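What follows is a short report on a single structure.
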Amino acid sequence: MTEALPPLNGPILTERLRLRPFTLEDAPVTHRWFSDPEVMHHIPGGPDATLEDTQNRISRYLQHGQTHGFTKWLVTDRTTGELLGDGGLYTLPNDPRVELGFRFAREHWGHGYATEMARAWMEQYAMMRPDESLYGIVLPDHVRSQHVLEKLGFEPVGEEQVYGRVMKVYLHPHRDTRSTL
């Protein structure tokens, strides 16, 4: 198993986005999408019922970042600062594999934010763990996320029980995804 690196502190900047770590103060705003049944339909565990559930989710992300050196972060509009969604890297339950995951508030679907955010995290992962593959774990009926993963070069490698549900597993074979000059 790979030794954890010091946690990333951020931010990570892309052309349109600013990715930054969560704080507990973000819970009231992020609860808007974490509690949305449509946004959370394809997320194991479903929507957060209460603000306390969202606070607990953020606490788990913060702890994961301390333990592994990476976790899910907030995705914000780089110009306005508006919170759009979240995404990042997370270890699978009881498994050393790392998955790339994301979700956005409904009004921000279809703008290419998931792909842009994912590319930035893939670059970080290539630097943090240059010899390890990255995974995407998606419900078989979540076609939109499958499309994003495939656009990023992930390939389906089968299905398995993850998070208590049968999930489609995607693999991004190791290669340095950083841009070349």
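The values are calculated or read from the model by the stated rules, or taken from the named source; none is laboratory data. No experiment lies behind these values; they were computed from the predicted model shown. Here Cβ is always computed from backbone atoms with ideal geometry, including for glycine, and neighbour counts include all displayed protein chains. Just so you know, the surface numbers come from the protein's heavy atoms only, side chains and all, with ligands and any DNA or RNA stripped out. Shrake-Rupley method; radii C 1.70, N 1.55, O 1.52, S 1.80 Å.
Inside region 96-120, can you point out the residues that are without any contact (Cβ under 8 Å) to a residue 24 or more places away in the chain and either in contact with a helix residue (DSSP H, G or I) (Cβ under 6 Å, 6 or more places away or on another chain) or open to solvent by 40 Å² or more (accessible area, probe 1.4 Å) (or both)?
Of everything in region 96-120, those that are without any contact (Cβ under 8 Å) to a residue 24 or more places away in the chain and either in contact with a helix residue (DSSP H, G or I) (Cβ under 6 Å, 6 or more places away or on another chain) or open to solvent by 40 Å² or more (accessible area, probe 1.4 Å) (or both) turn out to be GLU107, GLY110, HIS111.
Residue under question is THR54, and the condition is that it be more than 17 Å from the chain's Cα centre (by Cα) and either without any contact (Cβ under 8 Å) to a residue 24 or more places away in the chain or over 29 Å from VAL157 (Cβ atoms) (or both); does it hold?
For THR54, the condition - more than 17 Å from the chain's Cα centre (by Cα) and either without any contact (Cβ under 8 Å) to a residue 24 or more places away in the chain or over 29 Å from VAL157 (Cβ atoms) (or both) - is not met.
Can you tell me which residue in region 138-156 is nearest to LYS168 (Cα to Cα), limited to those that are surrounded by 18 or more Cβ atoms within 10 Å (Cβ to Cβ) and free of Cβ contacts under 8 Å to residues at least 60 places away in the same chain?
By that ranking, first place goes to GLN146.
Return the residues of region 6-41 that are assigned to a loop (DSSP other than H, G, I, E, B), loosely packed, with under 14 Cβ neighbours inside 10 Å and among the charged types (D, E, K, R); say none if nothing qualifies.
GLU15, GLU38
Report whether or not LYS168 is crowded, with 20+ Cβ neighbours inside 10 Å, more than 20 Å from PHE22 (Cβ to Cβ) and either free of Cβ contacts under 8 Å to residues at least 40 places away in the same chain or touching a helix residue (DSSP H, G or I) at 6+ places or on another chain (Cβ under 8 Å) (or both).
Here the answer is yes, as LYS168 does meet what is asked.
Taking the condition among the aromatic types (Phe, Trp, Tyr), over 20 Å from GLN124 (Cβ atoms) and crowded, with 20+ Cβ neighbours inside 10 Å, does TRP73 pass?
For TRP73, the condition - among the aromatic types (Phe, Trp, Tyr), over 20 Å from GLN124 (Cβ atoms) and crowded, with 20+ Cβ neighbours inside 10 Å - is not met.
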